[in-house]
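The next block holds one structure in the form of structure tokens; read it before the comments.
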Amino acid sequence: MDNKNSFYITTAIHYANAGPHLGHAYEGLLADILARYKREKGMPTFFLTGTDEHGDKILRSARKADMGPQEFVDMNAQKFKDLYEAMLLSNDDFIRTSDKEKHWPGAIALWNQIKETGDIYKGIYKGLYCVGCEAFKTEKDLVDGKCPDHKIAPEEIEEENYFFKLSKYADEVAKLIESDTIRILPESRKHEMLSIIKEGIEDISFSRPERDIPWGIPVPGEPGQNMYVWCDALFNYISALGYGTENDENFKKFWPADVHIVGKDILRFHAIFWPAMLLAAKLPMPKNIWVHGMIMSDGQKMSKSIGNVVDPMQYINDYGADAFRYFLAREIPPFEDGDFSEEKFVTAYNANLANGLGNLVSRTIKMTQTYFNGTITKKEGYVDVPLLVRRDLFKGTEYLQGYSIPYTIEWVLLPEYQEKMDAFEVQQAADVIWKFIGLLDGYITKHEPFKLIKEDREKTENILWNILYGLYFVGVMVAPFMPDTSKKIWTAIGVEAMDEKYGVPLSFQTQPLYEALFARIELKKMEEEQQPAPQPVEEEQA
Ligand code: MSP
């Protein structure tokens, strides 16, 4: 099972106590970028996201909204689905923990499996509980008597629960983390988890009385108890693959997970509880846990409970899914906290999308249209070795074998891009693309095709061929980040004929761009009309 030829990536499942916010969108985007990248490399990939729909927090929110819990989570889950569709997330499934057909059978099977090992027992829990975290707390978790994340005092509870023998697995889990069998990224989070284990791990509640928490999955064979929401939630990673049912092909094909993507606030559940549960059930361990930082607003974590959330849908509606995806991927560091503001969004958009990428594509297409009617063919005997295709830097050919576009020549920057993507450094991978865009701009500045056209038509054509060839690779590299833009670039450059032997485009038939890829924008706060995109500069008008 461990040498599987597949890739399974998950996000956390998001609480359906309200609609999604930017933090959720960010997590979905990171998973999507990696999933798209893996698929393009030809790897069978399964990308799972979904909603966490049980527990006290949801129930209270439903009551506040004067709705039944099912009706309430149906409404909110739909908002998550709508956002993910608008963001162009390519998730293969969307799991909902209230789904009795898809989630419950696997959750019940896993509970039974752990019970069979003898690791679930009954006891009395007396202590503190934070509804915001849906977690039991000790005094040392609190700051001034309050949960530091939710700024509320936890409630005192005393109740009969089922417990899971987490303590039994503490040493083994520590070894798995220590040895990177479960690799936690970034490294600092690994040490944080190891020191939590060192401080001592107690058994955890695994169920809550139905009387108090009537909204949950009933514990099999134990009327009166419902599964604790975190245990129910973690089970989603395998229930969605059909674990414990007759339709478990996906489980066989994709488990263990290659990457669980989670925020640092819920790492402990994924790095300690979940592996212990899997050990008890004798199932293989996830390979990586990618811990992203928080998107901050006004210096605080963006959170529904705190009420400082930004609506991602508004940005997508105003600026398009790709621009929104670009901003989150390139401007927020993947392993640390990052700040979101409209000002930053507008600045990055104008500098790198409207001016950088958008302008490069539009000026190139315009030159090919104006000088050559859009038809650009590589000429034989061309001697000015293209700056861009450096056979001497050829580094192997595996990278693009999974692409639908045949390809054999390695690009000088692609290995670096690939390295970053493989290390989940999506921000740096995007930097590589923009470095490359800068190179293409520099190539135009150096050769001045807009002047050369008056002296040497053939050489100009070859220079434009090189730029189009560069754009073809920009299209490849931006595809996981900005899928629509990638398609638009390929349509605009119009690869006409390929060299079968080398997989190099021989000719392009470019299509005029009637609309800028990214029209310049202004701060909404200034209430100004949107400006048209920068047009090709006058020297290119021939
Ligand atoms: N339902 C649990 C997770 C169960 S997973 C088996 C939960 N839900 S949540 O909606 O509160 O958070 C879901 C994910 O979104 C977490 O990984 C969390 O870190 C992430 N984020 C929540 N707020 C965030 C930001 N402001 N920024 C980035 N990610 C954030 O916890």
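The values are calculated or read from the model by the stated rules, or taken from the named source; none is laboratory data. As the structure is a prediction and not an experimental result, all values here were calculated from the model. All Cβ positions, even for glycine, are placed from backbone atoms using ideal geometry, and neighbour counts span all protein chains on display. Ligands, DNA and RNA are stripped out before the accessible areas are found, and what is left, the full protein with its side chains, is counted by its heavy atoms. Shrake-Rupley method; radii C 1.70, N 1.55, O 1.52, S 1.80 Å.
Put simply, the amide H of PHE46, placed in the peptide plane, has neighbours under 5 Å in PHE7, TYR8, ILE9, leaving out anything fewer than 5 places away on its chain. Residues whose amide H lies under 5 Å from that of SER297, counting only those 5 or more places away or on a different chain, are MET302; hydrogens are built 1.01 Å from N in the peptide plane. Estimated at 0.36 nm per residue, the fully extended path between LYS168 and GLU192 surpasses their Cα-Cα distance by 6.6 nm. Solvent exposure of MET313, expressed as accessible area, is near 50 Å², computed with a probe of 1.4 Å over the protein chains only.
Dividing the helix sum by the residues of the chain, where each DSSP H run of 4 or more adds -39500 (n - 2.57), gives a mean residue ellipticity at 222 nm of -12500 deg cm²/dmol.
With viscosity set to 1.002 mPa s and temperature to 20 °C, compute the Stokes-Einstein D of the chain, Rh being the Kirkwood radius across alpha carbon pairs; µm²/s, no decimals. Approximately 84 µm²/s, per Stokes-Einstein. Between LYS146 and LYS79, what's the calculated FRET efficiency when r is the beta-carbon distance and R0 is 30 Å? Round to 0.05. Using R0 = 30 Å, I get an efficiency of 0.55. Summarising the label geometry, the points placed 7 Å from Cα in the beta-carbon direction at GLU202 and GLN511 lie 6.4 nm from one another. Here the average projected area of the convex hull drawn through the C-alpha atoms of the stretch 7-293 stands at 14.5 nm². Taking the DSSP bridge list for the stretch 7-293 and keeping only pairs wholly inside it, about 50 percent are antiparallel. Here the gap between ASN247 and ASP441, fully extended at 0.36 nm per residue and compared with their Cα-Cα distance, gives a gain of 64.6 nm. Which of ASN355, LEU176, PRO105 sits farthest toward the positive end of the charge dipole of the chain, with +1 on the Cβ of Lys and Arg and -1 on the Cβ of Asp and Glu? It is LEU176.
With all protein chains kept in place, the per residue accessible area of the chain amounts to 42 square angstrom at a probe of 1.4 angstrom. In the structure displayed, which of LYS64/LYS102; LYS57/LYS253; LYS137/LYS253 lie more than 30 Å apart, Cα to Cα? In this structure, LYS57/LYS253; LYS137/LYS253 exceed 30 Å between Cα atoms.
Note on GLU210 and ASP92: with the Förster distance fixed at 22 Å, the Cβ-Cβ geometry gives a FRET efficiency of about 0.05. At the residue level, LEU234 shows approximately 0 square angstrom of accessible surface with a 1.4 angstrom probe and all protein chains present. For the stretch 511-521, the Karplus equation 6.51 cos²θ - 1.76 cosθ + 1.60, evaluated at θ = phi - 60°, returns couplings of 10, x, 9, 7, 10, 5, 4, 9, 6, 4, 10 Hz by residue, with Gly and Pro reported as x. Taking the accessible area of the chain, probe 1.4 Å, and keeping the other protein chains in place, the carbon and sulfur fraction comes to 48%. Applying 1/(1 + (r/R0)^6) with R0 = 51 Å to the Cβ-Cβ distance of GLU419 and GLU158 gives a FRET efficiency near 0.45.
Computed extension length for ALA348-GLN314: 10.5 nm, one decimal, from 0.36 nm per residue of separation with the Cα-Cα distance subtracted. Placing +1 on the Cβ of every Lys and Arg and -1 on the Cβ of every Asp and Glu, with nothing else charged, gives the chain a dipole about its Cα centre of roughly 720 debye. Largest to smallest in accessible area, the residues SER188, SER362, SER205 fall in the order SER188, SER362, SER205 (1.4 Å probe, all protein chains included).
For the residue pairs LYS41/LYS524; LYS38/LYS435; LYS79/LYS115; LYS81/LYS264, the C-alpha atoms sit more than 29 angstrom apart in LYS41/LYS524; LYS79/LYS115. Site pair ASN112 and GLN300 shows an inter-label distance of 4.6 nm when each label is modelled 7 Å from Cα along Cα→Cβ. When you filter the GluC sites (Glu not before Pro) in the stretch 414-515 for DSSP loop state and at most 12 other Cβ atoms inside 10 Å of their Cβ, you are left with GLU455, GLU500, GLU515.
Once C-alpha pairs closer than 8 Å and six or more residues apart are averaged by separation and normalised to the residue number of the chain, the relative contact order reads 16 percent.
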